[in-house]
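A short write-up of the structure that comes next.
The values are calculated or read from the model by the stated rules, or taken from the named source; none is laboratory data. All figures in this text were calculated on a predicted structure; none of them were measured in a lab. Cβ sites come from the backbone with ideal geometry, for glycine too, and all protein chains shown count toward neighbours. The accessibility values were calculated without ligands, DNA or RNA, using every heavy atom of the protein model including side chains. Shrake-Rupley method; radii C 1.70, N 1.55, O 1.52, S 1.80 Å.
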Amino acid sequence: NSLTIKDVTLAADILWRIYKETERKDGYVSIEVPPKYAYDIDQTINEAQKLFMRIGRENIMIKVPATKEGAVAIERLISKGINVNATLIFSSSHYENVARAYIEGLEEFSREGGDLKRVASVASLFVSRIDTLVDREISSLIELGKNLEKKRDLEGLLGKAAIANSQKVYQKFKQIFSQENFKDLERRGARVQRPLWASTSTKEPAYSDVKYVEELIGPDTVNTIPQVTLDAFRDHGKPRLSLEENLDVVERVLSRIERAGINLDEVCETLQREGVDAFEKSFENLLGTLRQKMKKE
């Protein structure tokens with residue numbers, strides 16, 4: 001843990017100039033609360049506070065999984081002026097819980113006399129994993145299907161769920177942050193909680209290697225692009241304001257997926273549970289490796 005803290009502190013110091021030059025908009029580094037606390041409100045809050053105090057840098061965000069318990073913790077952390085990266089968001093309802101928690105946290109922070117300019121948050125929506133799981137279900141339906149027309153319709157849905165879901169979340173973001181309760185906070189210095197597109201490397205070789213970058217470009221968003229994908233985008237990506245293109249198609253795609261018998265909300269709940277488990281395993285594996293190395297030395 002102290003090694004991670006050291007690394008994150010160094011990264012925060014490197015990015016401090018960007019943080020200052022952009023007037024606290026950019027230049028943040030995230031560090032996660034141990035994932036084993038994803039369903040424990042009090043432990044999440046305690047760990048987040050300890051990390052934030054120990055690192056002692058303004059440009060730090062504490063990563064908190066967007067479980068139901070996580071959303072409560074996020075509200076309380078924001079109310080204490082602690083920056084939060086709400087992670088493992090998959091569905092529109094996960095996103096909405098987190099956005100509302102952020103705004104309610106800001107309201108509480110403001111009532112306590114806090115400086116709204118000093119608080120920041122992002123809402124990290126995991127993108128490509130949705131296509132991986134939905135495509136698997138669609139492929140099973142295609143294999144089992146007898147009707148050629150239905151099979152063609154299903155084939156037309158492959159690789160469409162993740163972008164449509166992200167576009168829907170972005171519209172929800174615009175709606176929530178244009179309401180008067182947030183506008184009032186914004187006039188006093190509050191920032192929007194930017195949607196952050198995570199898991200944006202392409203897992204399916206048949207799809208464009210820049211699919212989850214090219215199709216998700218819009219104002220007030222962040223994309224944590226892996227290096228290989230960034231290199232590919234620099235080479236052949238076509239930047240355009242793509243996030244609000246073909247919005248009429250979004251609901252059609254999502255309803256066609258639903259009519260096919262795929263429950264996207266259930267898919268997203270499964271992905272979130274698996275994500276928490278995977279985070280916990282990799283966190284424990286990392287600690288185990290470090291312990292082994294320390295023993296050898």
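Lys146 versus (1) within 30 Å of Lys80 (Cα to Cα); (2) outside any helix (DSSP H, G or I): which is the lone unmet condition?
Every condition holds for Lys146 apart from (1).
Assess whether Tyr212 counts as being within 16 Å of the chain's Cα centre (by Cα), touching a residue at least 24 places away in the same chain (Cβ under 8 Å) and either open to solvent by less than 30 Å² (accessible area, probe 1.4 Å) or within 17 Å of Ala161 (Cα to Cα) (or both).
Taking the combined requirement at face value, the residue satisfies it.
Please determine, by comparing only the residues of region 240-251 that are open to solvent by 70 Å² or more (accessible area, probe 1.4 Å) and either at pLDDT 95 or above or among the small types (Gly, Ala, Ser) (or both), which one is farthest from the chain's Cα centre (by Cα).
Arg240
Return a yes/no flag: does region 171-190 have any residue that is assigned to a helix (DSSP H, G or I), touching a Pro at 6+ places or on another chain (Cβ under 6 Å) and of a type in the set (Phe, Trp, Tyr).
Looking for residues that are assigned to a helix (DSSP H, G or I), touching a Pro at 6+ places or on another chain (Cβ under 6 Å) and of a type in the set (Phe, Trp, Tyr), one finds at least one in region 171-190, hence yes.
For Lys172, only one of the following conditions fails: (1) open to solvent by 70 Å² or more (accessible area, probe 1.4 Å); (2) at pLDDT 95 or above; (3) of a type in the set (Lys, Arg). What is its number?
(1)
Quick check on region 138-145. Is at least one of its residues more than 26 Å from Lys168 (Cα to Cα), open to solvent by 30 Å² or more (accessible area, probe 1.4 Å), out of contact with any Cys (no Cβ under 7 Å at 6 or more places or on another chain) and hydrophobic (A, V, I, L, M, F, W, C)?
yes
Looking only at region 277-285, decide whether some residue is under 16 Å from the mean Cα position of the chain (by Cα) and either over 21 Å from Asp135 (Cα atoms) or touching a residue at least 12 places away in the same chain (Cβ under 8 Å) (or both).
yes
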